[in-house]
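Some notes on the structure that comes next.
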Amino acid sequence: MFKQPFVYNRMIFKIICLFGLFYFSSQSICASGCLTCDQATLLCSVCDNANSYYLNNGTCLFVNTAGCQTIVSNGECQSCNSGYTLTADYTCKLILNPIPFCLTYSAVSGDVTCLECGYGYLLQNNSCVLDIQNCVQYSADHTYCIQCLSGMVLSDFWNQCFNAIANCSSYQSNVCVQCQDGYTLNAPLNLCNLNVPNCLNFSSDGSQCLLCVPGFQLLSSNFCSEVIYNCSTYDSTGHCLTCIDNYFYNPVINECSRVIGDCESYNQNGSKCVLCNNSALPDSDKSFCNSTIPRCDQMSANGYHYCLNCQANYFIDHTRTICYKQDINCLVMSTLNDKVVCEKCKPDFTYDVANNVCVANSKNCDVFVNNSSTICQTCSSGYSLTTSGECATMFRNCLLMKDRFTCQTCSNGFTFDPVNGGCYVLITNCLTYDPFTSRCAVCSYQFILNNNVCVIGNITCPSYMIASQGTCVTPIDHCAEYTLSLKKCIKCDSGYVLNLSRDYCYTAIPSCISMTSDKKGCLDCLNPLVFNPVLSSCLPYNSECSQVNSVNGQCLQCNTNFYLVSGFCIQDNNCQVYDNAIHMCTLCASGYQYSFITNTCVILISHCTSYSVNSDSCIYCESGYSLSLDKKSCNAVISNCLLVSSTNQCLLCNNGYFLANNNSQCLLTIPNCDSYTSNYSNCFTCSPGYFLNTSNQCVLSIDYCQDYNNSGNCLNCIDNYFLSPNENYCILEIHGCLVYQSVFNKCFLCQTGLTLNSLQTSCN
């Protein structure tokens, strides 16, 4: 019973022992580090990876895995831990002296060298140095720049060279924050523009204005001047120097107004002629001065349509409306069918009916050219040959006649006077001669007559004479200007009229064309005026008058729709005082103003200087006032406003200003301000990324800054941050860091013995 189990157990034990013997014998055959091998070839198929053995062509090799981070199946190290570098045999070697900013190392020769530097660094002499574009001089350790290329600016932390911005005085990185005096910062374009008011577009460097805002033009001196229409040239201050043809500069309104020929006095805006010269009259709308009588030397007083005296060698007809040329070869002139003709010519002259002139008889020629009957070669005695081959009455002392009436060349010792058409004994410095005495009438400038000689110096006249034009003349009472002979008057003083013989100035009776012999009364007034002996004046016949004063001729009552003003019937019921002599209202009713355009009293538009034809709108306003869009009012100019509505509200402000107070003001814009206080004087809130300092400025916010000064610089940073040297950045404090890159809170250089991580955020 007991023997069988014993035998059975011994058999089992033997089997177990045989199996163990076989196992241990097989293990002993495989090489060290091999777990499984072929008994015949002893090649290993499975190595002891746990103990750093790796299969290599049937052999288990021991691999030093110190510092290795990733190992492939053949035992080669693919990547190393921090502080180690991968060698040529795919092992990791300890880096005893780390090279700052080096990404990959080499240990092929046994020495650890840098193969590749991090971004922004260059490999030089087994060191990684900062790569700063356009830097010409580095620090001794090559970690920061000291000097940039010409035209470049060094950044705050000496780590960047960027293009200089012309006329910029202060930068933050590559952004200009303040310009030099005389320049304005254009923040969106990062430019310093020259201070040129009303400039719309500048050059790329901001030093020149290229284009002005509408209504302004660019002058050569970087100046935007307001356009003056019809102006051709300007001075450096924008004032008009010359206007285009047919325009003149009006400094009152700073515009070029149209020239009205023969106009002596304009209205304030220069658009209408108030008074023409003596030879012209304004038309109904005062836009033109119509010359009335050609060759008339003196028109009737107050511009009425008749001539008092014609020019030299012309005389007036009986109607006093035509000046005829006087024929010097005619003895007797007469009027025929409202034309002046010669009734009797001088001897040896015959009247030419077709041309109304006296022509020389051909019998005055002794020898004709080639037997011609029209071209004379030799004139008879007492006659002179003209350049056209005619025989003319010889002018005394004339050597050669130009034509029948004019001498071309005087005899030796004589001079031709074009004013009188004669040859006179030459008197040095004499301008004109007296045709009746052959003496000098007027001397040259700075010469005076003395015994028919032109001498230098002043002349003393007797008490009964006056000095005029270098000689002594008998004065004509109230004569303002004398003839060249100094014996006749050309122009009388204001309020006086010259008689036909030009030797008498008498008190003018306006509109009187025929005076009494004593020159105190009027015989005939200009139609339709009639003379009133009581008032000694010519009064108008007023067809709209229903009742006339029989004594003084003045109207007492007007017809319906007409108003009695100053004795006259006019349609302007807003006129209080009317002057018929000048045909205009001199005093309008309260609330009305006289318009030279409509010749009526129009509704007063305060500060308006010129009204339109329709009388209810303004054309020009006084200086300091702007015309509304509907032209119904002149409103005080809104400073810095570019466009104003009819209700005197600003529609558009100038650049750098914004609308405020119900569009009644253009206030200076505070850069980067989002909202203002109720009076718009201060900024209330700044744009995101900006904060309001005590100087009412929105300055750029600085990350991690706790307190600022008025200049926008940081005073204190939050915890774990410290202030940069220029007080512009709060830098994250990195333990062991020597050099920071403040903008991105990165470390450039760690202390000796510490290595900068790849993110540049810690020194380990």
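Points worth noting:
- When Phe447, Phe416 are checked against the criterion of being crowded, with 18+ Cβ neighbours inside 10 Å and under 28 Å from Cys365 (Cβ atoms), Phe416 stands alone in meeting it.
- Residue match in region 480-487 (condition: modelled with pLDDT of 75 or more and surrounded by fewer than 14 Cβ atoms within 10 Å (Cβ to Cβ)): yes
- If the condition is being more than 8 Å from the chain's Cα centre (by Cα) and surrounded by 12 or more Cβ atoms within 10 Å (Cβ to Cβ), then region 211-220 contributes Leu211, Val213.
- None of Pro671, Pro688 is under 21 Å from Thr184 (Cα atoms), modelled with pLDDT of 80 or more and part of a loop (DSSP other than H, G, I, E, B) except Pro671.
- Residue that is nearest to Leu103 (Cα to Cα) [pool: residues in region 152-162 that are surrounded by fewer than 19 Cβ atoms within 10 Å (Cβ to Cβ) and at pLDDT 80 or above]: Phe162
- The set of residues from region 80-129 being within 60 Å of the chain's Cα centre (by Cα) and of a type in the set (Phe, Trp, Tyr) comprises Phe101, Tyr119, Tyr121.
- Enumeration of residues in region 164-176 that are in contact (Cβ under 8 Å) with a residue 12 or more places away in the chain and not aromatic (Phe, Trp, Tyr): Ala164, Ile165, Ala166, Asn167, Cys168, Gln172, Ser173, Asn174, Val175, Cys176
Let's see how each residue does on (1) surrounded by 13 or more Cβ atoms within 10 Å (Cβ to Cβ); (2) modelled with pLDDT of 80 or more; (3) farther than 30 Å from Asn81 by Cβ:
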{"site": "Leu692", "(1), (2), (3)": "yes, yes, yes"}
{"site": "Cys705", "(1), (2), (3)": "yes, yes, yes"}
{"site": "Ser711", "(1), (2), (3)": "no, no, yes"}
{"site": "Asn720", "(1), (2), (3)": "no, yes, no"}
{"site": "Ser724", "(1), (2), (3)": "yes, no, yes"}
{"site": "Gly736", "(1), (2), (3)": "yes, yes, no"}
{"site": "Val743", "(1), (2), (3)": "yes, no, yes"}
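- Residue ranges of strands (runs of 3 or more DSSP E) in region 276-363 with at least 2 members of a type in the set (A, V, I, L, M) and either touching a strand residue (DSSP E or B) at 6+ places or on another chain (Cβ under 7 Å) or at pLDDT 70 or above (or both): 280-282, 330-336, 339-345, 357-360
- For region 628-665, a tally of residues being part of a loop (DSSP other than H, G, I, E, B) and more than 24 Å from the chain's Cα centre (by Cα) returns 12.
- Candidates in region 48-66 are the residues that are aliphatic (A, V, I, L, M) and in a strand (DSSP E or B); of these, the one that is farthest from Thr85 (Cα to Cα) is Leu55.
The values are calculated or read from the model by the stated rules, or taken from the named source; none is laboratory data. This structure is a prediction, so every number in the text was calculated from the model and none was measured. Neighbour counts are summed over all protein chains in view; Cβ atoms, including those assigned to glycine, are modelled from backbone coordinates with ideal geometry.
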